[in-house]
């Protein structure tokens, strides 16, 4: 573990006693950081689940594609069955510890194991980070990919060769694990490619080629991984259905049906009397028109209504999309699912019966704990303050003497938050979980800047 955390830092040219002390310190702090990110799962007695967890695990078991459920992440979960899924959350937590330590080192805060431990402790207590690292969901990969993109783009010169390839691997695996993550990564790359040419912004030098190559490889892996696991060469389905659900929630579909029905060529006309106004109800409730019309997803009617409403009500579409993106940007409560996990519970019972007794004995199933309200008394104000601090640090970076490396890090995190909000808000609908899986990065960067200023407050700023 110590060599893994020390990475491309100081070499064996250092005095042996320094190496020994550093190794011992990193062994202790690294173990403590891992335990902190795993704490929710340890206290639960089993890795945390979500209603969607079963949908991911079903993919390799059934050999089918599922709406919004990555076959690749499902295969990752499947490999964890012999370990009762502890292997999965250990890998997720180890990945985040490594990325945090690497990010610290690449920004002049390396070789400080206790600082790394302090920052991970802060994230554990004040953010959603451990609740995603310890959960059997691909959400933690959003933050991992954002950090990896930043390091490859802005701090490539501070990385060892193996670290570059490992970071590229994080990006490549993230993209087919969740299509929204793929969209976020593409959005970050495109935004940085544009912004670096705006001289007034004075962004630090960027190296986009390798990072963009990793994103391209991740896009290619999407249909390839689906084919390898399910035999279907296709992207993960569901994009059009999630978008249509948002149009339902915004009232756009209802307006279209009011204008067009009765019309025997429109199947949805049969449901106008009690038409849903909630995207989740539309997508997941067994009594919704979407579920009753089993072939509606991707159908000619779904596409026709989507396109015709864009033509008929362009301003309504535009205002609804902007509102959804802004709402998603400001919606970042931590969610812990304890009451609505029936789909995953049923999947465990049917397909993983050997683990079912142990799974049901976990606190999340046996003694549900509604902890989200308590968590958000801390998580919400801390995240909001951190985002304000990031924006202020960018605006005042020259006055503050903020190093270029931190400017690039703050820009990347803000772009990730904005891209994620736009993609999830516009192409699905605003949900706290979608933004909370990323917002803890703002706290990480704010803590890093505070540490840098504390360490270098008597030294001249260097770029």
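Summary of values
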item: Members of the stretch 281-315 that are within 31 Å of the chain's Cα centre (by Cα), in contact (Cβ under 8 Å) with a residue 40 or more places away in the chain and exposed (fewer than 14 other Cβ atoms within 10 Å of the Cβ); result: 303
item: Subset of the stretch 328-347 [part of a helix (DSSP H, G or I) and in contact with a helix residue (DSSP H, G or I) (Cβ under 6 Å, 6 or more places away or on another chain)]; result: 328, 329, 343, 344, 347
item: Filtered residues of the stretch 195-213 (kept if modelled with pLDDT of 95 or more and over 10 Å from residue 152 (Cα atoms)); result: 213
item: Test: residue in the stretch 35-47 that is touching a residue at least 24 places away in the same chain (Cβ under 8 Å), touching a strand residue (DSSP E or B) at 6+ places or on another chain (Cβ under 9 Å) and not in a helix (DSSP H, G or I); result: yes
item: Odd one out for residue 245, checked against (1) over 23 Å from residue 324 (Cα atoms); (2) buried (at least 21 other Cβ atoms within 10 Å of the Cβ); result: (1)
item: Subset tally (residues that are touching a helix residue (DSSP H, G or I) at 6+ places or on another chain (Cβ under 8 Å) and farther than 16 Å from residue 250 by Cβ) for the stretch 293-320; result: 6
item: Helices (runs of 4 or more DSSP H) within the stretch 361-445 that include 1 or more residues over 13 Å from the mean Cα position of the chain (by Cα) and crowded, with 22+ Cβ neighbours inside 10 Å; result: 363-366, 372-395, 404-427
item: Some residue of the stretch 189-202 being buried (at least 18 other Cβ atoms within 10 Å of the Cβ) and within 26 Å of residue 63 (Cα to Cα); result: no
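The values are calculated or read from the model by the stated rules, or taken from the named source; none is laboratory data. Since this is a predicted model, take the numbers as computed values, not measurements. FYI the Cβ positions are ideal-geometry reconstructions off the backbone, even for glycines, and counts take in every protein chain you see.
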